[in-house]
1. Before we move on, is Pro44 part of a loop (DSSP other than H, G, I, E, B) and open to solvent by 40 Å² or more (accessible area, probe 1.4 Å)?
2. Could you list, in sequence order, all residues of the range 14-40 that are over 20 Å from Met142 (Cα atoms) and open to solvent by 30 Å² or more (accessible area, probe 1.4 Å)?
3. Anything in the range 81-130 that is in a loop (DSSP other than H, G, I, E, B), surrounded by 15 or more Cβ atoms within 10 Å (Cβ to Cβ) and touching a residue at least 40 places away in the same chain (Cβ under 8 Å)? List them, or say none.
4. Name the strands (runs of 3 or more DSSP E) wholly inside the range 183-242 in which the number of residues that are under 16 Å from Leu77 (Cα atoms) is 3 or more.
5. Could you go through the range 260-273 and let me know if any residue there is farther than 23 Å from Arg35 by Cβ, within 18 Å of the chain's Cα centre (by Cα) and either in a loop (DSSP other than H, G, I, E, B) or at pLDDT below 90 (or both).
6. Can Gly63 be described as open to solvent by 20 Å² or more (accessible area, probe 1.4 Å) and of a type in the set (Gly, Ala, Ser)?
Amino acid sequence: MGHTLLHQVLVSDLVVPIILAEAPEHRSLTQFGARPSEGTWLRPDLVVARREQFRGDRPYVLGVPLLVVEVASDASLARDLGAKKDLWARIGVPSYWVVHLRGQEPELYVFELADGRYAEQARLGWGESLWVTEPFKIELSMDQMFGRLPPKLAANWRGNMTRNSVPGLPPADEEIPADVFGARWPTGAEKTELEDGRPVFYGTWDERDVEVARRTYPGRVVLLDQEPGQPGTLRVLPSGEPSVQPAAEPSVEVPTALDGAGTTDTGMTGVAAGGTPEPTIIKIAVAGE
């Protein structure tokens, strides 16, 4: 079973129990967009929100969803449990679930927001279940939800970066607005999203795809987040942005300490000679400064 079909089976297995459990004022949709800011357009596999948050012909939820569910592939798992999870937490989504196939068996990660960060409530496998009450009361029973999965699961899939140039892009040193990017999803990516004006493509990419992406998004930084040929993400950043990690936060003053030799220690709290911590200030530079 290819990735796309397997993905659809896992999503559909979640839809029925969620629809039966949700409150009348709630609505759940699959592959529906979430647009928490002007430069961010995310596509969770399943989203639950209040009915008034779905208006007209808008292809995205208005405001903060109540629940976001991601069905992770090998290409997206690290991000779904890392940067994407942190992003949903910053947005303020109260409940976040991630489904992933570990070998031939599905597992479900259940997170709840607490003090601005997600706390893992459970990691469920076959034969396990958990009652949750937010955003509605439901028993997450792995056997009941995913009992109809086929016995042989294969997800051999490879993405293909689109070969076409993207018209109407802003200058290479600027972020890409969601309205510009929304109509230009590439045809070969497993999944595509826009985070803070930076396209993120999920799939299995190599140097050829990097070169095509450079031609498609001229002047921008193209970054593979894993070794070529391995499942993961390919990101497109504004020109001049460091290509090691996502864009830095704005400059902040961070208190740190001096080590015994009087040099600055940015990773561990040091103690100056005499045994008393002596704070100093270092500046974390913004990308491009």
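The values are calculated or read from the model by the stated rules, or taken from the named source; none is laboratory data. Bear in mind the structure is a predicted one, so any value in this text is a computation, not a measurement. FYI the Cβ positions are ideal-geometry reconstructions off the backbone, even for glycines, and counts take in every protein chain you see. Surface accessibility is based on the protein's heavy atoms, side chains included, excluding ligands, DNA and RNA. Shrake-Rupley method; radii C 1.70, N 1.55, O 1.52, S 1.80 Å.
1. Considered against the rule, which asks whether it is part of a loop (DSSP other than H, G, I, E, B) and open to solvent by 40 Å² or more (accessible area, probe 1.4 Å), Pro44 comes out as no.
2. Result: Pro24, Glu25, Arg27, Leu29, Gln31, Phe32, Arg35, Pro36, Ser37, Glu38.
3. Pro94
4. Here the list reads 191-195, 198-204, 231-237.
5. Quick first cut of the range 260-273, residues farther than 23 Å from Arg35 by Cβ only: 260-273.
After this cut, where a residue has to be within 18 Å of the chain's Cα centre (by Cα) as well, the list is none.
Within the range 260-273, none of the residues are farther than 23 Å from Arg35 by Cβ, within 18 Å of the chain's Cα centre (by Cα) and either in a loop (DSSP other than H, G, I, E, B) or at pLDDT below 90 (or both).
6. yes
Condition check ((1) part of a helix (DSSP H, G or I); (2) touching a helix residue (DSSP H, G or I) at 6+ places or on another chain (Cβ under 8 Å)) across all residues:
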residue	(1), (2)
Pro24	no, no
Leu29	no, no
Arg58	no, no
Gly63	no, yes
Asp74	no, no
Ala78	yes, no
